[in-house]
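Throughout, read-outs are computed from the coordinates displayed, never taken from laboratory work. Quick caveat: nothing in here was measured; it's all calculated off a predicted structure. Reconstructed Cβ throughout: ideal geometry from the backbone, glycine too, with neighbour counts over all protein chains shown.
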Amino acid sequence: MEGKTRITARNLCIGYRNNIVHPSLDFSLQEGEVVCLMGANGAGKSTLIKTVCGMIPSLSGSLQKDGEIGVVLTEKDNAGGLTVYDMVSIGRYRHTDFFGTLKEEDKAIVRDSLEAVGLMTKAHRFMSEISDGERQKAFIAKALAQECPILVLDEPTAFLDVKSRIEVMKLLQNLAHQKNKAVLISTHDLDNAINYSDTIWLLSPEEKLIAGTPANLVKTGTINIFFNIDNVK
């Protein structure tokens, strides 16, 4: 993918004190690109995501980030009492004064973020009243409202039905290709990763990170070997 490089890692060692998860990883993420990070449970995906987002420090090596990161995690939330508009507005709070007052510019950005994810008509509904797929879109809109050039999402389609999974992945693809965001997604959803990502990163405990386009990884049989499956079309 062409575009500005937003994240670059060289010889990156990730893990925790006395527990190295991966000793040396190399990768890069470009603006306008959707990358799906895949691997079995225990492969180190969450550790890598947390390291990229600055939630845990790297152990050694180089990790360079050009721009701030908007993060969407899968943890359960207690946002049911907020309206969709209020949830997305939280993304603007770091731009506001001590009292969190939204200026007209902030309100316009909140509206634009809601429009981008297709939730403007649900703006005044409570989070507890909308579907799981719509809730996930609201969290993505909150990240968009932060105006970060990089979006990192940990299992954004987990617990969603098939229709909602496709809608969320199409949304993230559009944000990358039309809004020039650099999008990194940790996921177990192989079908949608193949259909909607520009690049797939395959991570396992034993090997270094393998990166390639979905078409190339399928054509060479790398996907089949990595997941120990008979055929992917």
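Nearest 500 deg cm²/dmol is fine: what mean residue ellipticity at 222 nm does the chain get from its DSSP H runs of n ≥ 4 alone, each adding -39,500 (n - 2.57), divided by its residue count?
That comes out to -10000 deg cm²/dmol.
Relative to the first principal axis of the alpha-carbon coordinates of the chain, what is the inclination of helix 162-179, with its axis defined by its Cα atoms, in degrees from 0 to 90 and to the nearest 10?
Helix 162-179 sits at roughly 90 degrees to that axis.
To make sure I understand, if each residue's beta carbon is the centre and we count other beta carbons within 10 Å, what order do 85, 196 fall in, fewest to most?
Ranking 85, 196 by Cβ neighbours within 10 Å, fewest first, gives 85, 196.
Can you tell me the relative contact order of the stretch 78-148? Whole percent, Cα pairs under 8 Å, sequence separation 6 or more.
This gives 49 percent for the stretch 78-148.
Just to be sure I understand the model, the point goes 7 Å from the Cα along the line to the Cβ. What's the resulting residue 177 to residue 121 distance in nm?
Taking the two extended label points, one gets 2.4 nm.
In degrees from 0 to 90, rounded to the nearest 10, what is the angle of the helix 132-145 Cα long axis to the longest principal axis of the chain?
The angle comes out near 80 degrees.
Where is the GNM fluctuation largest for the chain (alpha-carbon springs, 10 angstrom cutoff): 165, 111, 17?
17
Within a 10 angstrom radius of the beta carbon, how do 27, 159 rank from fewest other beta carbons to most?
159, 27
Given the pairs 50/163; 142/179; 65/137; 45/179; 4/107; 65/179, which are separated by over 23 angstrom at their Cα positions?
50/163; 65/137; 45/179; 4/107
Once the Cα atoms of helix 104-117 and of the chain are each reduced to a long axis, what angle between those two axes, in degrees from 0 to 90 to the nearest 10, is obtained?
50 degrees
Could you tell me the center-to-center distance, by alpha carbons, between the stretch 109-124 and the stretch 164-214 in angstrom?
24 Å
Please list the radius of gyration and Dmax for the stretch 160-233, considering alpha-carbon atoms only, with Å as the unit.
Every Cα atom of the stretch 160-233 included, Rg and Dmax give 13.0, 37 Å.
So, with +1 on the Cβ of K and R and -1 on the Cβ of D and E, and no other charges, what is the size of the charge dipole of the chain about its Cα centre, to the nearest 20 debye?
So the dipole magnitude of the chain works out to roughly 140 debye.
Compute for the stretch 78-148: radius of gyration divided by Kirkwood radius, i.e. Rg/Rh, restricted to C-alpha atoms, rounded to two decimals.
0.95
Using Cα pairs under 8 angstrom and six or more residues apart, how large is the relative contact order of the chain, in percent?
Here the relative contact order equals 27 percent.
Which percent, nearest 5, of DSSP beta bridges in the chain are antiparallel?
50 percent
Among 87, 113, 131, which residue has its Cα furthest toward the positive end of the charge dipole of the stretch 78-148, with +1 on Lys/Arg Cβ and -1 on Asp/Glu Cβ?
Selected residue: 131.
Any number yet on Rg/Rh for the stretch 1-79, C-alpha, Kirkwood?
0.97
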